[in-house]
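Below is one structure, written out as structure tokens, with a few remarks after it.
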Amino acid sequence: MIAARGLTKTYGPKKAVDGIDFTVEPGRVTGFLGPNGAGKSTTMRMVLGLDRPTAGSVTVNGHRYQDSAAPLREVGALLEARALHPGRSARDHLRWLAVSNGIPARRVDHVLDLVGLEGVAGQRVGKFSLGMGQRLGIAVALLGDPPVVVLDEPVNGLDPEGIRWVRNLARELAAGGRTVFISSHLMSEMALTADHLLVIGRGRILADCSTSDFIAEHAASYVRVRSPQPGDVADLLLRQGLDVTRHEDDELRVQGLDAAAIGELVGKSGLFLHELTLVRSSLEDAFMTLTADSVEYSATTTTTAGTAR
């Protein structure tokens, strides 16, 4: 378990993390989301003792991570996958970490096989692709068979098969009773992976709830209705007290009643329907809605990229 209480980090006048409280519990995958500059990386670094809190505390299994006698047996972490000596082989990189933490040598080959690098274990890691480096970083995180796993952007650089593998790995670790804490910018992947979400913006916790509750609260689903008689259908539904908005191509977006009930209502009135579709809100929609006022770096959308000279 990871527990933060009043966790704060300031850099001069700027509060990168502002008195946050949260608990990452075992047995589920907790996703950590936030815009760039929100405080995600700073928070993870404080969890791992790489940054010292200005105020408050964060503990792993009841004590500070830096007080652990064998850190890799306590927490497996992936923060910077490329933070390694480029001249070492993948196997040698894992070997010295194993020796320094009292981990049996046989564990090295086990994790190399687990992450799919057994065939390149003797190669120098400086020649690894981004995806191979990510896999080695995950191997380091799993080396000590830790009860707590912290992964920052673990699917960065991975192909679709690798992304699915990380997703299944995270869920298997959680199903085995481990605490799994993952930061990612890929909303679609977090929607498939995370059971619970922590959302941070401008250094403060904006949401701490299940993924399903987060989506339901911050992004609304609607029923898409198309008809050759859009005006008549809209009037009918409005008279029933439903929320109806009209969009391009005579698309109606209706809230307040499910698709089946809308179909029956329109059918009884002798009107025709060409489409009746439930459009479910996404994690990305919910995230964008909640964090709209917390984005520190935003770009403007233009119709052209610029004029060549």
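The values are calculated or read from the model by the stated rules, or taken from the named source; none is laboratory data. Here the structure is a predicted model, which means the values were calculated and not measured. As a convention, Cβ positions derive from the backbone with ideal geometry for all residues, glycine included, and neighbour counts pool all protein chains shown.
What pairs come out if I take residues in the stretch 23-40 that are touching a residue at least 12 places away in the same chain (Cβ under 8 Å) and not assigned by TED's automatic domain parsing to the domain that holds ALA207 and pair them with residues that are charged (D, E, K, R) and surrounded by fewer than 24 Cβ atoms within 10 Å (Cβ to Cβ) whose C-beta lies under 7 Å away, six or more apart or interchain?
As it stands, the answer is none, since no pair meets every condition given.
Part of a strand (DSSP E or B) and more than 17 Å from THR179 (Cβ to Cβ): is that true of ALA16 in this structure?
On the way: part of a strand (DSSP E or B): yes; more than 17 Å from THR179 (Cβ to Cβ): yes.
Against the criterion (part of a strand (DSSP E or B) and more than 17 Å from THR179 (Cβ to Cβ)), ALA16 qualifies.
Would a scan of the stretch 85-96 turn up a residue that is touching a residue at least 12 places away in the same chain (Cβ under 8 Å) and assigned to a strand (DSSP E or B)?
Quick first cut of the stretch 85-96, residues touching a residue at least 12 places away in the same chain (Cβ under 8 Å) only: 85-91, 93-95.
Checking which are assigned to a strand (DSSP E or B) leaves us with 89.
The answer is yes, given that some residue of the stretch 85-96 is touching a residue at least 12 places away in the same chain (Cβ under 8 Å) and assigned to a strand (DSSP E or B).
Which is assigned by TED's automatic domain parsing to the domain that holds MET46, under 25 Å from GLY27 (Cα atoms), of a type outside the set (S, T, N, Q) and under 29 Å from the mean Cα position of the chain (by Cα), of GLU161, GLU118? Let's see the steps before the verdict.
Details: GLU118 fails: under 25 Å from GLY27 (Cα atoms).
Testing whether each residue is assigned by TED's automatic domain parsing to the domain that holds MET46, under 25 Å from GLY27 (Cα atoms), of a type outside the set (S, T, N, Q) and under 29 Å from the mean Cα position of the chain (by Cα) leaves just GLU161.
What's the number of the only condition in (1) closer than 13 Å to ALA207 by Cα; (2) surrounded by fewer than 17 Cβ atoms within 10 Å (Cβ to Cβ); (3) not aromatic (Phe, Trp, Tyr) that ILE20 fails to meet?
Tallying (1) closer than 13 Å to ALA207 by Cα; (2) surrounded by fewer than 17 Cβ atoms within 10 Å (Cβ to Cβ); (3) not aromatic (Phe, Trp, Tyr), ILE20 fails exactly one: (2).
Which numbered condition trips up THR302, out of (1) surrounded by 12 or more Cβ atoms within 10 Å (Cβ to Cβ); (2) modelled with pLDDT under 95?
Just one mismatch for THR302, condition (1).
Could you please give the count of residues in the stretch 208-246 that are part of a loop (DSSP other than H, G, I, E, B) and either of a type in the set (Lys, Arg) or over 30 Å from LEU192 (Cα atoms) (or both)?
First, the residues of the stretch 208-246 that are part of a loop (DSSP other than H, G, I, E, B): 219-221, 227-229, 240-242.
If we keep only those that are either of a type in the set (Lys, Arg) or over 30 Å from LEU192 (Cα atoms) (or both) too, we end up with 227-229, 240-242.
Result for the stretch 208-246: 6.
Residue check: is LYS14 surrounded by fewer than 17 Cβ atoms within 10 Å (Cβ to Cβ) and assigned by TED's automatic domain parsing to the domain that holds ARG167?
So LYS14 fits the description; yes.
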